[in-house]
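The values are calculated or read from the model by the stated rules, or taken from the named source; none is laboratory data. All of these numbers come straight from a predicted model, not from anything done at the bench. Cβ placement follows ideal geometry from the backbone for every residue including glycine, while neighbour counts extend to all protein chains displayed. All accessible areas refer to the heavy atoms of the entire protein, side chains included, with ligands and DNA or RNA removed. Shrake-Rupley method; radii C 1.70, N 1.55, O 1.52, S 1.80 Å.
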Amino acid sequence: MHRNETHEVKIGDRVIGHGNPVLIQSMTNTSTEDVGATVDQIHRLERAGCEIVRCTVPTPEAAVALGRIKREISIPLVADVHFDYRCAICAIENGADKIRINPGNIGGRDKLAEVVRCAKERNVPIRVGVNSGSLEKHIVERDGGVTAAGIVESALDKAAMIEDMGYDNLVISVKSSDVMMSLDTHVLLAGKTDHPLHVGITEAGTLWSGNIKSSIGLGLILSRGIGDTVRVSLTGDPVEEVRSAKLILRTLGLRQGGAEVVSCPTCGRTRIDLIGLAGQVEEMVADVPLDLKVAVMGCAVNGPGEAREADIGIAGGDHEGLLFKHGEIIRKVPEAELLDALRAELVNLQE
């Protein structure tokens, strides 16, 4: 896939832009001041495959806590700051690898200059974020509502403010909860800047609706080569954001590795609990590091053939199933033993 040309930005020990892999982000939903709870959640995110994590920094105490959090984790830490420029400066001084600000609500140009100066001294990148809900009133009134062009104008104006202060170590984010507006906004912005872009569909919704909107929106944006780092925003456990992002990237061919589960939609021929079994298999392979395809099929007649491209799989029969590899049947297994049999074969593949 052709990738839109952007320049490199280093975030901690990771690099985005200039053709580097699209990195997966998430954001903690703990109180940042609660260091123990925040570190525990970040460890879960790390195990799920999160590569950059963001924490809210609404208070000086939260900014100071970043230093303690950073010592306990192994992925770059981003400070999300609004309204109080002093929190941004304190976060940088306590080791934040990147800060996320909206220059329009950080306290005025003089305060923004102080933040930029501090970031420049430590070469800490700044993510400039504009959401459809935070678009300036005069732009909304001029355009008769929120538009892609208005969002892009606002984002570029804010980036220019920082560039005029002598600093261009920037990442830009433009988000909307409207999927098609998000697409239009990113396409327009990508043609006007070479700063790396953080992409996502903001306020996407619950695990069900949010995943559908994010998959469509991010699929459309990323398939055009736009995007250097991504967050799937879901109302739920942040780990689910990471799992969804991994699958979106893998589906688009932007990420390799990890097990992919394919399963049939069931039909009247199904004689095993395929729905329950498929869910168990998906959970079982979530942490398998191998790049492989696992099939869970409901019919012993067509299963192995239809899933011939799978590395390994199960095809259901009458309260039993066939275990197969690359379309070739290995053996017949009672339904109650199918999951364990598949697990054993996966262990063999990893040895």
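Being at pLDDT 95 or above and either surrounded by fewer than 20 Cβ atoms within 10 Å (Cβ to Cβ) or more than 25 Å from the chain's Cα centre (by Cα) (or both) is the filter here; which residues of the range 120-143 pass it? Give the derivation first.
From the range 120-143, those at pLDDT 95 or above are 120-127; that's our starting set.
LYS120, GLU121, ARG122, ASN123, listed by residue number.
Here is the figure for the range 261-290: residues that are surrounded by fewer than 19 Cβ atoms within 10 Å (Cβ to Cβ) and in contact with a His (Cβ under 8 Å, 6 or more places away or on another chain) total 1. Of all the criteria given as (1) among the hydrophobic types (A, V, I, L, M, F, W, C); (2) under 20 Å from VAL174 (Cβ atoms); (3) in contact with a strand residue (DSSP E or B) (Cβ under 7 Å, 6 or more places away or on another chain); (4) open to solvent by less than 30 Å² (accessible area, probe 1.4 Å), the one not satisfied by ILE106 is (3). Taking the range 321-349 as the search range and keeping residues that are in contact (Cβ under 8 Å) with a residue 40 or more places away in the chain and open to solvent by less than 90 Å² (accessible area, probe 1.4 Å), which one is farthest from LYS293 (Cα to Cα)? Across the range 321-349, the extreme among qualifying residues is GLU335. So ARG269 ticks every box in (1) at pLDDT 90 or above; (2) assigned to a loop (DSSP other than H, G, I, E, B); (3) under 27 Å from LEU346 (Cβ atoms) but one. Which box is left unticked? With (1) at pLDDT 90 or above; (2) assigned to a loop (DSSP other than H, G, I, E, B); (3) under 27 Å from LEU346 (Cβ atoms) applied to ARG269, the lone miss is (1).
When restricted to residues that are modelled with pLDDT under 95 and in a loop (DSSP other than H, G, I, E, B), the range 195-217 contains 6. Given the condition in a helix (DSSP H, G or I) and within 23 Å of SER244 (Cβ to Cβ), answer yes or no: does some residue in the range 283-300 qualify? Yes, the conditions are met somewhere in the range 283-300. Out of all the residues in the range 291-311, is one or more buried (at least 16 other Cβ atoms within 10 Å of the Cβ) and under 24 Å from LEU45 (Cβ atoms)? Looking for residues that are buried (at least 16 other Cβ atoms within 10 Å of the Cβ) and under 24 Å from LEU45 (Cβ atoms), one finds at least one in the range 291-311, hence yes.
Looking only at residues that are in contact with a helix residue (DSSP H, G or I) (Cβ under 7 Å, 6 or more places away or on another chain) and not in a helix (DSSP H, G or I) in the range 238-263, which one is modelled with the lowest pLDDT? So the residue we want is GLY258. For the range 238-259, filtering for residues that are of a type outside the set (Ser, Thr, Tyr) and open to solvent by 60 Å² or more (accessible area, probe 1.4 Å) leaves 3.
For every residue, the table says whether it meets (1) surrounded by fewer than 20 Cβ atoms within 10 Å (Cβ to Cβ); (2) within 21 Å of the chain's Cα centre (by Cα); (3) in contact (Cβ under 8 Å) with a residue 40 or more places away in the chain.
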| position | (1), (2), (3) |
| --- | --- |
| THR6 | no, yes, yes |
| ILE11 | no, yes, yes |
| VAL15 | yes, yes, no |
| PRO21 | yes, yes, yes |
| THR32 | no, yes, no |
| LEU45 | no, yes, yes |
| VAL81 | no, yes, no |
| ALA96 | no, yes, no |
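Here are THR28, THR59, THR38: which of them is open to solvent by less than 50 Å² (accessible area, probe 1.4 Å), over 21 Å from GLU8 (Cβ atoms), more than 19 Å from the chain's Cα centre (by Cα) and β-branched (Val, Ile, Thr)?
On inspection, the qualifying residue turns out to be THR59.
Sub-8 Å Cβ pairs linking a first residue in the range 147-168 that is at positive phi to a second residue that is of a type in the set (Val, Ile, Thr), at least 6 apart or interchain, are GLY166/VAL116, ordered by first then second residue.
For the range 204-225, a tally of residues being in contact (Cβ under 8 Å) with a residue 40 or more places away in the chain and within 14 Å of the chain's Cα centre (by Cα) returns 1.
For GLU33, are the conditions met, namely being at pLDDT 95 or above, more than 19 Å from ASN123 (Cα to Cα) and not in a helix (DSSP H, G or I)? Yes. Can you tell me which residue in the range 146-190 is nearest to ILE221 (Cα to Cα), limited to those that are of a type in the set (Gly, Ala, Ser) and open to solvent by 10 Å² or more (accessible area, probe 1.4 Å)? Looking at residues that are of a type in the set (Gly, Ala, Ser) and open to solvent by 10 Å² or more (accessible area, probe 1.4 Å), I get ALA190.
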